[in-house]
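The values are calculated or read from the model by the stated rules, or taken from the named source; none is laboratory data. Owing to the predicted nature of the structure, the values given are computational and were not obtained by experimental measurement. In this analysis, Cβ positions are derived from the backbone assuming ideal geometry, glycine residues included, and neighbour counts consider all displayed protein chains. Calculation scope for accessible area: heavy atoms of the full protein, side chains included, ligands and nucleic acids excluded. Shrake-Rupley method; radii C 1.70, N 1.55, O 1.52, S 1.80 Å.
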Amino acid sequence: MMKFRFRRQGTDPQREKIKQELFAFNKTVEHGFPHQPSALAFDPKLQLMAIGTKSGAIKVYGAPGVEFTGLHRDTSAVTQIVFLPGQGRLLSLLDDNTIHLWELVAGRSVLLTLPPFSPPPPPILLPSATRVTVLLLLRSCDLLCIGTEGGGVYFLELPSLTLKDNQTLLQDQITQSLPDDYRCGKSLGPVESLQEHPQQSGKVLIGYSRGLVVLWDLSARQADQLFLGKQQLESLVWERSASLFVSSHNDGGYSVWPVTSGNTYSHQPASSTIPYGPFPCKAINKILWRTTSPVLLYSGGMPRASYGDRHCLTIQKDKDHVTLDFTSRVIDFFTVHKFDDPSALVVLLEEELVVIDLQTPGWPSLPTPYLAPLHSSAITCSCHISSVPPKLWERLANAGKAQRGRQPTHRVRNMLRSVQSTLIGNMHEDGTVRFWDASGVALTPLYKLSTANVFHTDCDPSDDSQDPSNDPDMQQEEEWPPFRKVGCFDPYSDDPRLGIQKISLCKYSNKLVVAGTAGQVIVLGLSDERSDHLVDVSVVDLLQDREGFTWKGHDRLEPRLKPAPFPPGFQPLVLVQCLPPASVTAVALHAEWNLIAFGTSHGFGLFDYHRRNAVLARCTLHPNDSLAMEGPLSRVKSLKKSLRQSFRRIRKSRVSGKKRTISTPTSKVQEANAALAEQEEVAPVQRRIEPRSADDSLSGVVRCLCFADTFLRDSTHHGPTLWAGTNSGSVYAYALEVPGIGSGRACERGGASESSVCVEAVLGKEIQLMHRAPVVSICVLDGRGKPLPDPYEAAQDLAIAPEMTNAHSVLIASEEQLKVFSLPKVSAKTKFKLTAHEGCRVRKVALVVFSSTAQEDYSEHTLVCLTNLGDMHLFNIPGLRPQVRYDCIRKEDISGIASCVFTKNGQGEEKTSHFNKNENPGFYLISPSEYERFSLSAKVLTEPLCSVQLDRPLDPTPASTWRQWRGKLPLMEEKKPPAEPGSVWAAISERKEQQQ
């Protein structure tokens, strides 16, 4: 006893070396659509696209897999980006009025930036007058024109970013050339647009906010022509021959101006058009004119009263006229073209990127190889599926191709498809599950599953007889403007009850279980053919007719009573409806036994989807669980009751503080817990954890469910079991009798076929944790102390069979501690009090296999815990000794911690080389539309290796410098100007796995 009580573990050098060979934390790749984009640019020579954000980030994209990411030192919004074509350089303008020059550096896929430039204010004007409004890079790429709010135009030499004072053009010089009747004492306003003459270098078109446009000759330092516009200017664009240019204005119109050499002043444009007039319209913010096959593109211009809230972009070509209607604001757009003949339109929106095919009749949208919006509907939860079997991958990919209807014009190269295929599944508020290919750097959509057609919803189009689109008289009237919905971002859900909350996939049997907000649990099977069928419905009452409880929340979803069409892919087999229809909080699938388990805030159930019958329904409600009956969507809450409960809780805590009663242990479990508590009373520096009240609200919420083939009744007979953990620290273990499985009574009955024998569940053990902390995870360990393999893994020789001769144990992770119990006696073996030692609470738990970098055949099973402080703790199992700790997520980032998912690996040792190349990654949301990917493995690390072929040489960087960037996304950082350039990279687009 004394030895146990005062023993201190020293540092073992050999163990520390093994840790370094096993564990290493790296943030590797960012997946998804940039949050809050604010700027867009395109390099036509290198075919690179850059996106700037309000947080100061710049992301450069090329072919799939070619990505560069950087962050300015100051978190100011990026307002404009300009590429230096073909050079691998770009300029960024920030909201703090600084200009930065970025460039690629050879040897480590890094972009560096020179010291920023900020234009100096003239001595007479205020500093606000030199606030930069627009940038223009001349075709020579050695001079940058800068327009400001004060109407001045400055010129910088590149790449040194030095100001050319002798070229500065102030507004006074232009005002002196204006006629007296136009000057009239008014300021010309800020410089709104700068456009270089397409035929004559050294001439620039300068547009002022008041409406004046000046054609300025840089070499002669004089105005060649003045265009005396009177409407507030928004943007300018040249016609290719330079005989015309177009200006767009804030009244929703655009004007065409002829450019003549003999006329100094132009008082009126050749033509002016307000396309959506005559009523007041919003401004046309940007306009493009491509003249080889004349196409006019402009954003905005909608009638202010009728469609002022629409986010639109118009395409006009001859008699064809389409108004693209988006669900989020248009940030910027450009065309991909050769010799002014556009082939595609790229539109950056606030929430997605849309590409329009301008060469195909009808101008359809094109699927993008990356940057698809992960948050097209609000993400409710996520899952990660690694080592997807090739057959399942192929079938899902084919189903996804059938949904999209047409293929992208380019193919995504995945260099690791033969090694490992990885999926991310996102569950959404609109009842969809979207599967993404996460095998490479670029996250690409693979397949989308919708569950809405299983139910009658509030906005069911098939039942809407009053839909105007079904009225032939309404169809005869042509709509104006000619709107066309484009994009997949949809922030609104037809029915919030459709939201998917939990998912479980068996990748070997192609069975999928999804569970939703209204208590719906759907079992689906994979099919390659379209099917019209009726979905079987079973209802499970989790309250078991318990009196005194009345559900005050939302109603259940009504299932369809007629056969419904289901496309190829996952198709519903059976719908299990929980009553009350509360949100499902946990789900588990065991395809080998044909069983699913599900839990809500009221209890948990077990269902045999092969025989279509409910096996078990257990209510976990406490008599004081009144909040559990109101539901997440209910607005019926009693303020009086809430106040009364609060005062009772305060009064009870005061009484319990004066006099604490210690209950007498009545079971072996409680005796073991008490013994361990007594032994550790003198443990050094531990926080005292007060037990939680048994009548806390929502104490009956089921937090986790687990199937396992283990020893529960005795130490000689093992069989199927079901484990459930609740919010109040209760753990229920049921022994299952599955026909044909194990050595239970069901297998010993003679004369009855397996199809006629039902699955039975008998309560075997019930554990109550002392502090009643919520149970986060339950995992059964075999005789070697390793997790049991997933269903079908051992049978298909994909994992080593579990050790069934020695005693098993169960690992129970609560929010406050990790604890291992022996089976079948359920006596405590070891534990680690995470809250008492570290002052944090467990949020996520995973069991992961880590392979050594030094020894090819050495690996360890490790328990990974993510806490509410955002740090990662790693423990060995079953000893629960702390190994390493990493700071992963900011503790203020609550949504990031809640969204974190780990790779589901470590369920048995992999035997084939196909499945042992796993980087043990995790994912978490860094914004509503972006995932951060991280790795904990020191051996295998996914990193984006990409390069770009440039028109200029680059300076080589030593290999030692490159190693420090290993495993990180190519970054951009502010440094001094690099040395003289030296080498050129070959263009590639691939993803590699780097091993030490």
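Remark: spin-label model distance N876-K319 equals 8.0 nm, labels positioned 7 Å along the Cα→Cβ axis.
Largest first, the residues T853, T422 sort by 1.4 Å accessible area into T853, T422. In the structure shown, the pairs K765/K939; K765/K786; K552/K891; K17/K844; K391/K829 are assessed against 32 Å; a Cα-Cα span above that value is assigned to K765/K939; K552/K891; K391/K829.
Stretching L163 away from Q200 to a fully extended chain increases their span by 11.0 nm, per 0.36 nm per residue minus the current alpha-carbon distance.
Accessible surface for segment 32-377, divided over its residues, is 38 Å² per residue with a 1.4 Å probe. Taking 7 Å steps out from each Cα toward its Cβ at S187 and S55 produces label points 3.5 nm apart. Here the label points at F279 and K338, each 7 Å from Cα along the C-beta direction, are separated by 4.5 nm in the simple model. Surface composition of segment 761-847: carbon plus sulfur atoms hold 46% of the accessible area, using a 1.4 angstrom probe and ignoring ligands, DNA and RNA. For L573, the solvent-accessible surface computed with a 1.4 Å probe is close to 60 Å², ligands and nucleic acids excluded. Note on segment 32-377: lysine pairs with Cα distance below 20 Å, sequence gap of 8 or more or different chains, count 8. The fraction of accessible area contributed by carbon and sulfur in segment 32-377 is 50 percent, rounded to a whole number (1.4 Å probe; ligands and nucleic acids excluded). Between segment 343-373 and segment 769-812, the alpha-carbon centres lie 48 Å apart. Annotation for segment 582-622 versus segment 876-898: alpha-carbon center distance of 30 Å.
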